[in-house]
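Q: Sending over a structure as structure tokens; questions will come in a sec.
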Amino acid sequence: MEDTQVLYRIFTRLTTALGVLNGLSLKEAKVLTKMHFKGHLYEAEIKNIINSIDNDEHDDIEELLDETILVCDELGASRDYITLVKILENIAKAISEGHDQNEYKYTNSIVERFKKEIVLINKKIPLPPLYNMVMESRFLIEWSSIYALYPFIPKRIKGKGKPVLLVPPYLGDDYSTSFVRKYLKSLGFTTYKWQLGFNMVKSHYIPRLEEKLADIYEEHQEKVSIVGWSGGGIFAKIMANRHPDQIEQIITIGSPVWGVMDMKTPVYGVLEFFRGKSLKERNERFLAELEPIPQIPITCIYTKTDGLIPWKHCMEAATLRKDIKNIEVFGSHSGMGANVSVLLVTANMLSANIQGKKIRYVGSNIERYLYPNFWKKALRVFKTKRLKTQAAKQ
């Protein structure tokens, strides 16, 4: 919240001014803005920001729009901007509902201009840094060390036979998810392989995945959780958008879950070499299904030291709903299937979402021992956020 506070300050001034521009009093416009932030990740803090607005700025709405866009651009690309777009759309709709839409052309133009600028800003995510690409070679150490570390991983979670389908990464098969499956199975989850050979991230897998999902759902007579690593997470999200009635939750691990058509990654050359055709040209309709956000719990596990996928593409809009979580771990992209942190976070979030519980902090003693500097920083950030949230609610 601290990094984006300046954004929420200018954005709420924009939405309030939009209300006043369309005939609401300042008080009514503030109430309308607060109503549309209900359920937001930072709802308490933003309510305080809205309460502090005491000027009618509808004459300055062009300047407020430009300043909001400028702040977004300065903060850099973010999936969370989709939340702001939806809020602005909903406020404009609430203002104009039941009236002649021709009277609200200017209001709707404000919304459309903001949406277009956000699309342009979100195309500016760069390639992973060269250092991260070079450091991908550490996946050999991660996969080698998991054999020694596995016996020491805590097994406190109770899976209670809940079904979990695991989808491997691009160019990976069921062996890629072997440690995640083994760990979840040891906790009592009922795990299922994808059994479709090497994952080439092609749309023709979807019908067979749909059949498999239906079979597991029928066998257990309950919803299925899907865990997808990298390209496997693409299928997890598409399946969740198609079949929310059969899926309990999805957990993506280093998966590009939005903006894939514009994503800059060193693996594109490999993808196009295998396909013999541009990825954008071949999979445009398939990847378009990736953009909507499923109406089920979502956990996105990502690492800022990813050398293959830009990490911002691996985060969903956590500000949109409280059942969307982005959790950072430390490690390479190629080693995430053998990363102790990934195993623990996956099990914790599977259990928490099934039971409707909140995860306060995901770090464990073994993680903090393996990656001390990373987890010290993560713990400081967690404690700071908790204190600020408590202060905002008081």
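The values are calculated or read from the model by the stated rules, or taken from the named source; none is laboratory data. Everything quoted here is computed from the prediction, not taken from an experiment. Quick reminder, even Gly has a Cβ in these numbers, built from the backbone with ideal geometry, and neighbours come from all protein chains shown. Protein only, heavy atoms only, side chains kept; ligands, DNA and RNA dropped before computing areas. Shrake-Rupley method; radii C 1.70, N 1.55, O 1.52, S 1.80 Å.
Q: Working only within segment 151-165, note down all residues that are of a type in the set (A, V, I, L, M, F, W, C) and either modelled with pLDDT under 95 or touching an Asp or Glu at 6+ places or on another chain (Cβ under 8 Å) (or both).
A: Phe152, Ile153, Ile157 - these are the residues of segment 151-165 that are of a type in the set (A, V, I, L, M, F, W, C) and either modelled with pLDDT under 95 or touching an Asp or Glu at 6+ places or on another chain (Cβ under 8 Å) (or both).
Q: With assigned to a loop (DSSP other than H, G, I, E, B), touching a strand residue (DSSP E or B) at 6+ places or on another chain (Cβ under 9 Å) and either open to solvent by 70 Å² or more (accessible area, probe 1.4 Å) or over 15 Å from Ile118 (Cβ atoms) (or both) as the only criterion, which of Leu24, Leu41 stands out?
A: Among Leu24, Leu41, only Leu41 is assigned to a loop (DSSP other than H, G, I, E, B), touching a strand residue (DSSP E or B) at 6+ places or on another chain (Cβ under 9 Å) and either open to solvent by 70 Å² or more (accessible area, probe 1.4 Å) or over 15 Å from Ile118 (Cβ atoms) (or both).
Q: Could you grab me the full set of residues in segment 209-241 that are farther than 30 Å from Pro128 by Cβ and open to solvent by 10 Å² or more (accessible area, probe 1.4 Å)?
A: If the condition is that a residue be farther than 30 Å from Pro128 by Cβ and open to solvent by 10 Å² or more (accessible area, probe 1.4 Å), then Glu210, Glu211, Lys212, Ala214, Asp215, Tyr217, Glu218, Glu219, His220, Gln221, Glu222, Lys223 are the ones that fit.
Q: A further question on this structure: Among (1) over 10 Å from Pro163 (Cα atoms); (2) part of a loop (DSSP other than H, G, I, E, B); (3) touching a residue at least 60 places away in the same chain (Cβ under 8 Å), which single condition is Gly197 missing?
A: Result: Gly197 passes all but (3).
Q: Still on this model: Could you list, ordered by first residue, the pairs with Cβ atoms under 8 Å in which the first is in segment 147-167 and in a helix (DSSP H, G or I) and the second is among the hydroxyl-bearing types (Ser, Thr, Tyr) and open to solvent by less than 20 Å² (accessible area, probe 1.4 Å), at least 6 apart or interchain?
A: Close Cβ pairs (under 8 Å, with a partner that is among the hydroxyl-bearing types (Ser, Thr, Tyr) and open to solvent by less than 20 Å² (accessible area, probe 1.4 Å)) amount to Tyr150/Tyr183.
Rundown of residues vs (1) closer than 29 Å to Trp311 by Cα; (2) open to solvent by 70 Å² or more (accessible area, probe 1.4 Å); (3) of a type in the set (Val, Ile, Thr), yes/no style:
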{"residue": "Leu7", "(1), (2), (3)": "yes, no, no"}
{"residue": "Val31", "(1), (2), (3)": "no, yes, yes"}
{"residue": "Asn48", "(1), (2), (3)": "no, yes, no"}
{"residue": "Ile53", "(1), (2), (3)": "no, no, yes"}
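Q: So, in segment 307-359, of the ones that are of a type in the set (D, E, K, R) and free of Cβ contacts under 8 Å to residues at least 24 places away in the same chain, which residue ends up nearest to Tyr42 (Cα to Cα)?
A: For segment 307-359, the residue satisfying everything is Lys358.
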